[in-house]
1. Does B:Leu257 fit the bill of being modelled with pLDDT under 85 and away from every other protein chain (no Cβ under 13 Å)?
2. Does the range A:354-372 contain any residue that is of a type in the set (Ser, Thr, Tyr), part of a loop (DSSP other than H, G, I, E, B) and surrounded by fewer than 20 Cβ atoms within 10 Å (Cβ to Cβ)?
3. Look through B:Glu125, B:Glu95, B:Glu118 and report the one residue that is free of Cβ contacts under 8 Å to residues at least 24 places away in the same chain, outside any loop (DSSP other than H, G, I, E, B) and within 20 Å of B:Tyr166 (Cβ to Cβ).
4. Which of the following residues is farther than 25 Å from B:Ala19 by Cα and in contact with a Lys or Arg (Cβ under 9 Å, 6 or more places away or on another chain): B:Ser167, B:Ser163, B:Ser114?
5. Across the range B:214-239, which residue is nearest to B:Ser175 (Cα to Cα) among those that are among the hydrophobic types (A, V, I, L, M, F, W, C), surrounded by fewer than 24 Cβ atoms within 10 Å (Cβ to Cβ) and away from chain A (no Cβ under 11 Å)?
6. Can you name the residue in the range A:83-101 that is modelled with pLDDT under 90 and surrounded by 18 or more Cβ atoms within 10 Å (Cβ to Cβ) and, of all such residues, is farthest from A:Ala21 (Cα to Cα)?
7. In the range B:160-181, which residues are more than 21 Å from B:Val308 (Cβ to Cβ) and surrounded by 24 or more Cβ atoms within 10 Å (Cβ to Cβ)?
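The values are calculated or read from the model by the stated rules, or taken from the named source; none is laboratory data. Please read these numbers as outputs of a predicted model, since none were measured by experiment. Glycine gets a Cβ as well: all are built from the backbone with ideal geometry, and neighbour counts include every protein chain shown.
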Amino acid sequence: MNDTLTSDVIGRRVEVNGEHATVRFSGIVPPVAGLWLGVEWDNPERGKHDGSHEGTVYFKCRHPTGGSFIRPNKVNFGVDFLTAVKNRYVLEDGPEEDGKEQIVIIGNKPVETIGFDSIIKQQSQLSKLQDISLRNCAVNCAGDKGAIAEACPNIRKVDLSRNLLSSWDEVLDIADQLGHLEVLNLSENKLRFPSGSPSRTGTFPALKVLVLNRTGITWAEVLRCASGWPVLEELYLESNDLFISERPADVLQTVKLLDLSSNQLIDENQLFLIAYLPRLEQLILSDIGISTIHFPDAGTGHKTAMFPSLQYLVVNDNQISQWSFINELDKLPSLQALSCIRNPLTEGSKEAQTTRQLIIARIGQLKTLNKCEILPEERRGAELDYRKAFGNEWKKAGGHQDPDKNRPHEQFLEAHPRYQLLCLKYGAPEDGELKLHQPFLLKNQLLTLKIKYPNQVDQKVLEKQLPGAGWPHRGRTGLDEKAACVVSTL
Amino acid sequence: MRECLSIHIGQAGIQIGDACWELYCLEHGIQPDGVVLNSDQLESANLEHMDTSFNTFFCETRAGKHVPRALFMDLEPAVIDGIRAGRHRSLFHPEQLVSGKEDAANNYARGRYSVGSEIIDLVLERIRKLAEQCSGLQGFLIFRSFGGGTGSGLTSLLMEQLSIEYSRKTKLEFSVYPAPRISTAVVEPYNSVLTTHSTLEHADCTFMVDNEAIYDICHHKLGVERPSYASINRLIGQAVSCITASLRFEGPLNVDLIEFQTNLVPYPRIHFPMTTFAPIISADNAYREELSVSDITAACFDFSNQLVKCDPRLGKYMACCLLYRGDVVPKDVNAAIAAMKSRNSVQFVDWCPTGFKVGINNQPPTVMPGGDLAKVQRAVCMLSNTTAVVEAWARLDHKFDLMYAKRAFLHWYIREGMEEGEFSEAREDLAALEKDYEEMGQSF
C-alpha cells in the first residue's frame, strides 16, 4: 500500500464494508502509534466525530458524526476500470475452490444453472462487450493508458454508478478510450470537477445519455463540462441540490430530455434560465417543491416563447395546489403530455375524475394526461362540463350570450383563460343549462294544497304538502276524501 | 429449424399479438415492412445479427422480407381491421388476418358452436399453409382470453382440431384471466370455466395473465392513471418476450417448446405456471432505481410483480424457472440465488426432484419507444408452477356458482344449442382440478 504514504491519497474515494467515504487526512494521530487515515463518510451518521480528536483538528467534516480514523489496511481504494471489467465478466479460474460446483439448496431442492459455461465464455470476449455494468465495482481510475481502448473498444453503454471515481479527470481518462460511448451512468460518484476553465475539455463524441444523479455536481460544473458533450440528448441530474445559476450559453443545445427531479432548491425563476434550450422535449421536475409557475412574456390566452419544444412535462410529487398553475401550462406552445400526480391539487377529497376533466379542459393542446391518452370524446365531454360548471360565474363576471354585451372582467379571464375560447367552440352556455337543478328529493317535489271542508264552515282550511304526480300515499293522508275538496294548490 | 406458430384469437389475443410482434421486430431489427435493418443500421441499433434463431418466429421470403409465423383470427372484423390499417400492416400477409362478419357476443356457445363452426375450416386451412412453410414445426403459441366469446369458444374448437391434426406438436397458451375491474361482460366466469374444461386436455402449458394484476401494476408502479388495454398489453408483451427469448435467440434454457413442458409440468392437468416479471419501472423514473441482479431476483418474490394474483407463500412449488436476460453475469446470479436461500417461505413439494432452473439470455430487454416502461439493462422472468395458483381457480369457480345457482344468463347459451349438462360437466371438471392441486401440495 505504497500510495498511502503519498499526499495524493487525500481526496481519494474509498470503500469500507460497503460504505463509501472520502479520504481527508493521512498521518499520525497521537498518542496511538502508526499511520491513520481520516475519512469523511458519505453517510453523515456513520462516523464517530467531526475530524477532531482530543482537541486537535485533523480534518473538517460537514457533520459532527461524519468522520472516522481508520487504519489504511482496512480501506479499499478500488481497482482500475479494466480490472473491474475482468472481475465481473471473466471467470479466470475454475468455478470454486475445491473444483466442485457449489450447489445451492433452496427449499431443500438444488438449484440448477443451465448453460452458464457458455455464457461465461461469451462474456469473456471483452472486445465484444458493448453494454456493460460496473455498478459498485470499486472502480477508481482508468488504469494504464490505452489499456481500455485495446481490450474493449466497442463499449457503448457503461454503468459506472456507485464507484470510487473521485474526479472528472478520471472519467475523462476512461471516456477518451471509448470512442463509441453512447450511454454513461456516473450516479453516486462524488466527483471533483476542475475549477475555472477546464485544463482538459475532454470530448465525448458519441455520448447521447449522461446520468449524474446524486453526484453533488453544481450547475456551474455541468455547464463547464458540457462543451465536451456535443451530441448529448438526455441529461439526468436528480438529487444534486442543484441551484440553476446561469443560462446555458452554447452548451446543452442538443438536449432533448432533462431530469431535474428531487432538487429542492430549484424554483420557478430558475426555470427561466433553461427556458430557451431549443430542443428540449421532455422536462422532469418531480419532487422539487414547486407550487407556482408564471410565464411573464405571455398574457392571458397567449403562448409563451419559453420552452418552445417542450412536449412532455412531469411535475409529480410537488406542492401544486392552485389551478393557476394548470392555466399557465396552457401557454406552452408544444405541450402534448403532462404527468401531475401526487400534488395537493390532485389528491384530497375531490374525485379524481373531476380533477382529470378540469385539467383537460384547461390545457387545450394536451393529448396525454398521467400516461392516459385523451380521446376526442373525453376532451369534448370535459370541455362541455367545464363550460357549464363555470357558466354562472361567467355571467356574474359580466359574460353574456350576446357577443356585443359579452365583457367578463379581467379577474374571471385570468382564472379561466380558455373560457371565451370554449364559448366560441361550443357556443355560449344557455340559461337553461345553467339553471341549478335541485337534487331530486321528494320534499322538493311536493305540492302544497289548501283543503277546505265545505260543509263545515267553522273548520279551518288545512294546508298539507303532498306528492304531486302519482299520489303514492293515497289513502294514508288521514283525510276523509268525500268530505274534503281541494280549494287551491300552492 | 424449430419453428413456432403463433395463433392470436379474439380481441385480447390479437391486441396482445400486436404488442408482441411490435416488440419482436424491435428486438430483431425488423422494420414495420418486414425488411431487416442492414448492417450499418444494425450497428447503430446495437443489434447482433449473426444470430438467425429468430427464424423460428419469422419466415424469410425470397424478396428478403421477414413475415411473422402468425395467424390472427376473430369472428368480427373491427379489431382485425385495426391490424390491417395499422403500423404493421405490411408486415403480415393478408391471408394471415382472418375475420368473420358476426361476432360471438361474449358467448362461448357462439364462439364454439354456431358462429365459430362456420370459420373453423378456413382457419385450419390457413394454419396448414403456415405449417407447410416450416421444416420442423415444434408447436403452437396460442394467445386468447378466457372471458370473451371468441377467445373462449373458438379457441376450444380450434384446440380440439389442432390436437387431431397436429397430435405431436406442443401447444403453449397465453391466456388472459378475467378481471372484474376492466371486464365488459358479466358472463366471463361462464366462458372461462367452459373453455378451461374443454381445452384442459389439449393444452400442454398455459401461462395465465390476470388483467387485474396487470392493471394494478400499471397504476401503482408505472403511474398510469387509468390503464388502458394498450398499457396492459404492452406489459404482457414484455413478459411474453422474456418467456420466448430463448426460442428466438441463442440461449441455454427453454430453447424448445417441449422443454417448457418438461421443466414446468409434472402432470398433464397441472399446467398453469405463474409468471412474475421484474423490474417494472416507469419511464419517468429511468436511472433512479436500483436494478442489480439481486434486486430483480428479490422482486420476483414480491406480490406486486406477479401477473396472477395469488399467494405463493400459502402453496408449494412444484417447479420453477428463472429466465434472466440482458447484462447478467453468472457470478451475480449465484450471489442472488444464495440470498434467496434465506427465504424459508419457498417450499417445494416432497415428490419433485428438481428445484430451480436458472438460465441467462444475453439479449437485452427492449421497450417500445414512447411506452410506459423504462429501458433497463437486465430483466428476469420467473415461471413457477405453484399450488397457490388454485386460488385463481377458486375465485372463478365461486363466481360461476353464484350465477349458475340461479341459472342466470343461461338462456343465451341454451338458445345457441348448448345444454345445461355441459355447464355442470365443466364445473365438475374445474372442481376436480382444484382437488388435483390440493393433492399436489400434500406431503406423503
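1. On the way: modelled with pLDDT under 85: yes; away from every other protein chain (no Cβ under 13 Å): yes.
Yes.
2. No, every residue in the range A:354-372 fails to be of a type in the set (Ser, Thr, Tyr), part of a loop (DSSP other than H, G, I, E, B) and surrounded by fewer than 20 Cβ atoms within 10 Å (Cβ to Cβ).
3. B:Glu125
4. From the options B:Ser167, B:Ser163, B:Ser114, the qualifying one is B:Ser163.
5. Among those residues, the one meeting the criterion is B:Ala239.
6. A:Leu91
7. Correct list: empty.
Residues are listed down the side, and each one gets a yes or a no for (1) at pLDDT below 80; (2) assigned to a strand (DSSP E or B); (3) loosely packed, with under 13 Cβ neighbours inside 10 Å:
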residue: A:Ile103; (1), (2), (3): yes, no, yes
residue: A:Ser118; (1), (2), (3): yes, no, no
residue: A:Gln123; (1), (2), (3): yes, no, no
residue: A:Asn136; (1), (2), (3): no, no, no
residue: A:Asn140; (1), (2), (3): no, yes, no
residue: A:Asp144; (1), (2), (3): no, no, yes
residue: A:Ile148; (1), (2), (3): no, no, no
